[in-house]
């Protein structure tokens, strides 16, 4: 049952602190095992990946990296599924086209200054192959890479060899993916990060996964760029007395059904609403196909926090810093203005979080565990490099030389100063 905690209760502050610190996931329980896998793949390449697949996936895929017939997979889907995937791909592409950055250049006297933006050479997208297939995540991760201009995109996912793969392969085809790495887990992350005889090394690894994948991404970070270390999915519904309890409960369960570790959270000024939502959650759970998973998430991590004022709604929502924030309040823009930390915000009762998961357009690959305080949704900007470009003419160097040399000598770096002065001498 969703636990109701009022701001007047002694449980409120400890509960809020625990929720605000939920990102402190302890990966140490698996780190030693994951490090062995990562180091083995780095040392032995394909052989280590295959050995790990045999051990953890009960199969030995050959070849590891393969081309795929995505068009045929798309054709095998039902008309409804095919049209939905095509529409989603179009909308995701349209949104991310608006994120393209061409850099800039300007002239400051005799200096030309700017930023050059270039796509990365190769991107790796991890697609989980465990409890559920998520073709939408392939679209949401690979399309921004393609819009950025990345020439090669590889999806890593364990293929089962049956029709269950069609939706994922169709999504990969629509997203412009080049090849599939037929492996999952830490071994796939390591293969992408370091490369093997058959798997080319990528510049960035993105996409969600289980704790082993998250740990592997953390271990390879620095040798390759990662989008972040994803934790369980989470939603914070911010609601007042005007909210519909059935709609609020449905939004909470839409995240609870992802995983037993998901966070379905309600923040409200109306305790009566909290109790109605509590009852609605129980009623809707009884008919949910993934009832067991959703119920465990609700019972372990589900809370309804009751506060006094609208200002507290914004303040505590900002402190929780949730992946998804749904605003079921009157004048939602006022609350939105007070929230800085949120991955994606769904404004108004007619905006389901599911729209953002599938069709709206922005990528649903979002920071979790409070990382929205410093992170951002996956976007085109993640798949590019930026280079500062600086060009001086002789007159500009002469004009700035004294200040440059003064700053160099202030820091005790004489060679820096002399690198300026030698240019002045050689040019008279």
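The values are calculated or read from the model by the stated rules, or taken from the named source; none is laboratory data. No experiment lies behind these values; they were computed from the predicted model shown. Note that each Cβ is placed from the backbone with ideal geometry, even for glycine, and that neighbours are counted across all protein chains shown.
The set of residues in the stretch 308-317 that are in contact (Cβ under 8 Å) with a residue 24 or more places away in the chain and either out of contact with any strand residue (DSSP E or B) (no Cβ under 9 Å at 6 or more places or on another chain) or buried (at least 24 other Cβ atoms within 10 Å of the Cβ) (or both) comprises 308, 309, 310, 311, 313, 317. Residues in the stretch 352-375 that are in contact with a helix residue (DSSP H, G or I) (Cβ under 6 Å, 6 or more places away or on another chain) and in a loop (DSSP other than H, G, I, E, B) were compared, and the one that is surrounded by the fewest Cβ atoms within 10 Å (Cβ to Cβ) is 359. Residues in the stretch 135-160 that are without any contact (Cβ under 8 Å) to a residue 60 or more places away in the chain, buried (at least 23 other Cβ atoms within 10 Å of the Cβ) and either not in a helix (DSSP H, G or I) or not assigned by TED's automatic domain parsing to the domain that holds residue 212 (or both): 153, 155, 156, 157. Pairs linking a residue in the stretch 384-412 that is on the phi > 0 side of the Ramachandran plot and modelled with pLDDT under 95 to a residue that is surrounded by 11 or more Cβ atoms within 10 Å (Cβ to Cβ) and assigned to a strand (DSSP E or B), with Cβ atoms under 6 Å and 6 or more positions apart or on different chains, do not occur.
Would you mind stating whether residue 347 is within 17 Å of the chain's Cα centre (by Cα) and not assigned by TED's automatic domain parsing to the domain that holds residue 113? For residue 347, the condition - within 17 Å of the chain's Cα centre (by Cα) and not assigned by TED's automatic domain parsing to the domain that holds residue 113 - is not met. Residues that are part of a strand (DSSP E or B) and exposed (fewer than 13 other Cβ atoms within 10 Å of the Cβ) within the stretch 92-129 comprise 104, 105, 106, 107, 108, 118, listed in sequence order.
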